């Protein structure tokens, strides 16, 4: 702190303007608090600028490009189709810029002071900023998010890049090797394969190893059809002029190497040692169900507090943290956080679908769904999990538009809905959402459009 300088005093200081941080700032301002939002890069953070929005934008563009080339069954024939990679990047950047400007407009509208700087705690009620000023706060909310996990021996450069750089390329690589086989690897690999890149995915165990194998089998089948080379049970050893050497002896020739082995909480430079904030063994900030840290003046939200490291979780936690910091008796008590993988087809999950002595699971295949048959998208299913009282505990959807349909599942689980609640709710026809209703009807022993046997 500069000698003789009086810190700016605020009710709530939010560190990090990603989707969790700016939501927290807006909610606190709605509650009448004097709020400062500190961000070292761009408003909207990784989600709006480098991850969620960019990846889904490019995935949609790749889907359009691929579909245009593979729609002969519908009588569509396209000759000499091409893609302008620079124009594609321009659109992706434009979408992020519009959203960033939208966040700035909202902050200005609510009277939130936005400061472009890095913040460091110098005590449990003061922040020192890299712009030379300091902030004295009553409450602080840490929303610094995460960063791509680095892989020793594969430091980032022009050829070895992280997922952020993979979504910033102004050309379509002829070949790409992706180290890692989680949802990020699957999304990026599928995206570039549809654009014509020869893609190899190196998996230590298997693709999407933590997910339902029925779902993964469908995804791997489509990835194989796209020409993606999935190498399981291997790890990268070194990279030289000959290519990427793997532990199984294989050598992969790749123009671009993408390291996608996970995310790590971002706490670097925060000065947490000057507070009472504690970290767990994995480096995540410890919080209680009200998102309070072990320092009474500091809360934390989003990726920096642990799994699931998803933007929509951060958004919800941003609301809760703002309310708690404003004196409300709120708590983060959501039953379920839905997850979506924008693979082909999309996988969406809410709750748990593991079958055991207490939980039963019923599966409805898209081969029996009218819309899927009409659009040639029959690779997929809906699974519904329920207990002895027929209360819905989990739903998994593998289908086009699963990303939109999963909200029904999340709402059902949050409300403690039963199979009958879903089965007796009229779902519009012909839509993919009917598959959720059909799965519930099948679980009740009254299937309509699929014969399970006598």
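Within the chain, DSSP assigns beta bridges of which about 55% are antiparallel (rounded to the nearest 5). Label separation (residue 116 vs residue 168): 1.5 nm, computed from points 7 Å beyond Cα along the C-beta direction. Shown for 83, 426: other C-beta atoms within 10 Å of each C-beta, ranked fewest to most, produce the order 426, 83. In a fully extended conformation the segment linking residue 429 and residue 76 would gain 124.5 nm over its present Cα-Cα distance, using 0.36 nm per residue. How far, in nm, would the chain grow between residue 273 and residue 31 when pulled straight, counting 0.36 nm per residue and subtracting the alpha carbon separation? That pair, residue 273 and residue 31, stretches by 84.1 nm at full extension. Relative to one another, the C-alpha centroids of the range 169-209 and the range 278-310 are positioned 32 Å apart. The slack between residue 150 and residue 401, meaning 0.36 nm per residue of separation minus the straight C-alpha distance, is 87.1 nm. Among 433, 343, sorting on how many other beta-carbon atoms sit within 10 Å of each Cβ, with the fewest leading, yields 433, 343. Here r is the Cβ-Cβ distance between residue 241 and residue 214 and R0 is 30 Å; the resulting FRET efficiency, rounded to 0.05, is 0.10. Taking all Cα pairs closer than 8 Å and separated by 6 or more residues, the relative contact order of the chain comes to 14 percent. If you average the C-alpha positions of the range 327-343 and of the range 366-412 separately, how far apart do those two centres end up, in angstrom? Cα centroid to Cα centroid, the span is 20 Å. Computing FRET efficiency as 1/(1 + (r/R0)^6) for residue 255 and residue 337, where r is the C-beta to C-beta distance and R0 is 41 Å, gives about 0.65.
With neighbour counts taken as other beta-carbon atoms within 10 Å, the residues 230, 422 rank, fewest first, as 230, 422. Dividing the helix sum by the residues of the chain, where each DSSP H run of 4 or more adds -39500 (n - 2.57), gives a mean residue ellipticity at 222 nm of -9500 deg cm²/dmol. Between the Cα long axis of helix 434-443 and the first principal axis of the chain there is an angle of about 80°, rounded to the nearest 10. By how many degrees, 0 to 90 and rounded to 10, does the Cα axis of helix 52-69 deviate from the longest principal axis of the chain? The answer is roughly 20 degrees.
All of the numbers you see were taken from the coordinates with simple rules; none came from a lab. This structure is a prediction, so every number in the text was calculated from the model and none was measured. Every residue, glycine among them, receives a Cβ derived from its backbone with ideal geometry; neighbour counts consider all protein chains shown.
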